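Right, one structure below, let's go through it.
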Amino acid sequence: RRDTGVWDGRLGWGRLTHGRAADVLKNPAYAGAYAFGRAASSRKVRPDGTVVACVNRRPRDQWTVLIPDHHEGYVSWQQYLQIEAKLAANRTSTGARPPREGPPLCQGVIYCGSCGFPMSTGYRRADGTADYVCNRARSDAVTTPGCHSIAAAAVDAQVTRLLLAALTPEQVHLALAAADDLHHRHHRSHRGAELAVERARYEADRAERTFTQVEPENRLVARSLERRWEEKLAALAQAEAALADLAAARPVLPEPDRLHALAQDLPRLWDAPTTGAKDRKRLLRTLIADVTVRHVDHSRAHIGIRWHTGATDEVVCDRRTNRNPTQAVELVRSLLDTRSDAEIAGHLNALGLRTGKCRPFTVASIRHIRQQHAIGSKRNDPTGPGEITVPQAARILGVHEAAIYPWLRNGEMPARQDRHRRWCITWNPQTEDYWHNRVATSSHLKRTNPNYETGQAV
């Protein structure tokens, strides 16, 4: 509603924007309260001598006037306070880390164990997987020792395992027992606050009766009794405020049967497709305060989990999550001497095995496994009588190995391939003379270092 100009008193309609929605949520008038003095203006002198005016927001306890329940509001005053607290919890500029949309569970609550700073989340364009990265070395342009990255799935798997283990029916039974003890203590505190209010009210009434019974001509006595009455009234107001705060802080405990059913059904609820990433993060943050990662070596990491109760857990996990199954590696090692890489890949796919990235096995993936685990064939020399390998032919002709492969693929050089796709070249004096003459007449071949043929260091 406009309050100035020709549109004074009329409603002005406009498109709902982020700024307008924030103004509605932050304005106490929509909660039925009248407020004045929420902001204060001040003047500052710049170094060049110019004077500028600044408007600064004041905290609620510094507002000039605040009258709750002044008029009918759209939301209650308690809802307004909850909205204000939620907005403050979502303000990342003040250090808050609200749950985001990404799949990593520990986003915002994971810290580097080397430098102590928060770790950010990075996503890979190739497969969409996420990593927790410590950007401390990038921020100060100094290589911080021990600051590395780790796969988000490796940390999330360990944290999820510990979280679900903490919500078993046995753990819930212990939590309910502690909650009952907390409820009894709160009841005793609430009863003590009620007795304190009754005593303060009795003393205030007594001070009031004493003041009203004094003679008017005894002005000094009346002034002293009035001051005592005011002190009792202030003590009564303080006791009533303490009782109201204690009543508002009363713990809301769920029903035990419902909580036991939730604990038994939690794993299925956690893995349900309808459960979003934000829901999992909110549940995780209700129990876990933060997660710290410190690297042990190039393949393992140390994970420390601190719960809101003050308890801590420590586990060691693998930094990489895309490791090939151990069964697949053993099969490659056992079948290498009897089958080719293509046949091994087909056999692994027929068994239903997949690579560490959940993809079917190919010739390239089998070669990667052989290189990663240093798996070689027991037959070191694949050649037969009258045959040589590609490195041997390259040394004899004095050329690079890359120059021989086009001749082999085009069929110019007689050769065959074994089951591991290694070339075995048919070699005799006539073949050697022919290729020596061809190499000598060619001007574009890449020749090796002459010391290579004599066995000296290159």
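Rule-based calculations on the coordinates, nothing more; no lab input. Just so we're clear, the structure is a prediction, and the values are computed from it rather than from any experiment. Ideal geometry is used to build each Cβ from the backbone, glycine not excepted, and the neighbour counts take in all protein chains shown.
Side notes on the structure shown:
- Hull shadow area, averaged, the range 180-248 [alpha-carbon convex hull, nm²]: 4.5 nm²
- The value of relative contact order for the range 180-248, using C-alpha pairs under 8 Å at least six residues apart, is 44 percent.
- Positive end of the dipole of the range 5-94 (Cβ unit charges, origin at the Cα centre): among VAL75, ALA53, VAL65, the Cα lying farthest that way belongs to ALA53.
- Which of ALA204, ASN218, ALA193, positive extreme of dipole for the range 180-248 (C-beta unit charges): ASN218
- Between the range 192-219 and the range 390-421, the Cα center-to-center distance that results, in Å: 110 Å
- Values of log10 I(q)/I(0) for the range 326-372 across q = 0.21, 0.26 Å⁻¹ run -0.59, -0.95, by the Debye formula with one identical scatterer at each alpha carbon and no solvent.
- Per-residue packing, averaged as other Cβ atoms within 10 Å, sorts the ranges 434-442, 361-369, 102-110, 11-19 into the order 102-110, 361-369, 434-442, 11-19, beginning with the highest.
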